[in-house]
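Encoded as structure tokens, the structure appears first; notes follow it.
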Amino acid sequence: MAEVTLPFGYRSVWAGAKIRGDAGLPAPPVTKGLTVTDRVTADMWFDPACPWAWITSRWLLEVEQVRDVDIRFHVMSLAVLNEGRDDLPEEYRSFLSTAWGPVRVCIAAEQRYGGDVLRALYTALGTRIHLGKEERGHELYVAALTDAGLDPALAAAADSTEHDEALRASHEAGMRPVGQDVGTPVVHAPGPDGSPVAFFGPVITPAPKGEAAGRLWDGVLLVAGTPGFYELKRTRELGPIFD
């Protein structure tokens, strides 16, 4: 018997098998030549302090709902990225001085519980930092850890170098494929042909919802998977919009 495939979203079956759809209704006709798409995994590297990464992360959660992709979160660090740079504006230096805390807390939680906890912890931190406009500090970290169901004592990691080696390793894993002249968000994903692609961005505001999020995902993968494609950019006219 020859194996055939069902239209998008259905599992493959053997030719001649009896198949039925939901609620006992006949399933769509078996059609040769169409490929079943299994869910794939895309990875995003974030710094909790970055408002643009936050918006991109909310877009990716929308993408999960309309495309066969699961998002995994990882930590990068803008403070690590900009170490040793003497040409930074004073305002950005001040920003970076408080950017160590959130990434250290995230890495400490990942070391304790595993990477799956980063989704909830990032959501808790980002909600307080970007929506609540709360000041980055011990009180915020305790509250965010509590929101995520994690040990609030991990807030002490914000002022410790104990997990910095793991932080730098996570940062390097995310940045290596895209280079050091970009920031966050960074995304690694299977391209249109299944080959891995990695890119900085997209930088968007506000986050597209529903099928609009899916269309942007399709387009981003298309250009990112094009050999020799490096940049598509225009001047920002809006600041971060959180909705």
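The values are calculated or read from the model by the stated rules, or taken from the named source; none is laboratory data. Computed from a predicted structure; not experimentally measured. Ideal geometry is used to build each Cβ from the backbone, glycine not excepted, and the neighbour counts take in all protein chains shown. Calculation scope for accessible area: heavy atoms of the full protein, side chains included, ligands and nucleic acids excluded. Shrake-Rupley method; radii C 1.70, N 1.55, O 1.52, S 1.80 Å.
Summary table
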| item | result |
| --- | --- |
| Failed criterion for GLU83 (all others in (1) open to solvent by less than 40 Å² (accessible area, probe 1.4 Å); (2) outside any helix (DSSP H, G or I) hold) | (1) |
| Residue in segment 164-178 that is least open to solvent (accessible area, probe 1.4 Å), counting only those that are in a loop (DSSP other than H, G, I, E, B) and touching a strand residue (DSSP E or B) at 6+ places or on another chain (Cβ under 8 Å) | VAL178 |
| LEU121 touching a helix residue (DSSP H, G or I) at 6+ places or on another chain (Cβ under 8 Å), over 16 Å from HIS163 (Cα atoms) and either among the small types (Gly, Ala, Ser) or modelled with pLDDT under 95 (or both) | no |
| Search result, residues across segment 225-241 that are open to solvent by 50 Å² or more (accessible area, probe 1.4 Å) and within 18 Å of ARG176 (Cα to Cα) | PRO227, GLY228, PHE229, TYR230, GLU231 |
| THR161 vs. criteria in contact with a strand residue (DSSP E or B) (Cβ under 6 Å, 6 or more places away or on another chain), β-branched (Val, Ile, Thr) and closer than 20 Å to TRP100 by Cα | no |
| Residue in segment 194-217 that is farther than 20 Å from ASP70 by Cα and assigned to a helix (DSSP H, G or I) present | no |
| Residues (open to solvent by 40 Å² or more (accessible area, probe 1.4 Å) and touching an Asp or Glu at 6+ places or on another chain (Cβ under 6 Å)) located in segment 104-151 | ARG128 |
| Pairs where the first residue, in segment 224-243, is under 21 Å from VAL186 (Cβ atoms) and free of Cβ contacts under 8 Å to residues at least 40 places away in the same chain and the second is surrounded by 10 or more Cβ atoms within 10 Å (Cβ to Cβ) and of a type outside the set (Ser, Thr, Tyr), C-beta under 6 Å, 6+ apart | ALA224/VAL197; ALA224/PHE199; GLY225/GLY191; GLY225/PRO192; GLY225/VAL197; PHE229/VAL223 |
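Residue-by-condition table, conditions (1) more than 19 Å from the chain's Cα centre (by Cα); (2) β-branched (Val, Ile, Thr); (3) closer than 21 Å to ILE55 by Cβ:
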{"residue": "PHE73", "(1), (2), (3)": "no, no, yes"}
{"residue": "ARG85", "(1), (2), (3)": "yes, no, no"}
{"residue": "LEU96", "(1), (2), (3)": "yes, no, yes"}
{"residue": "VAL103", "(1), (2), (3)": "no, yes, yes"}
{"residue": "ALA124", "(1), (2), (3)": "no, no, yes"}
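Residue by residue, here is whether (1) aromatic (Phe, Trp, Tyr); (2) open to solvent by less than 20 Å² (accessible area, probe 1.4 Å); (3) touching a strand residue (DSSP E or B) at 6+ places or on another chain (Cβ under 7 Å) holds:
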| residue | (1), (2), (3) |
| --- | --- |
| GLN180 | no, no, no |
| THR184 | no, yes, yes |
| VAL187 | no, yes, yes |
| PRO196 | no, no, yes |
| GLY201 | no, yes, no |
| PRO208 | no, no, no |
| ALA213 | no, yes, no |
| ASP218 | no, no, no |
| VAL223 | no, no, no |
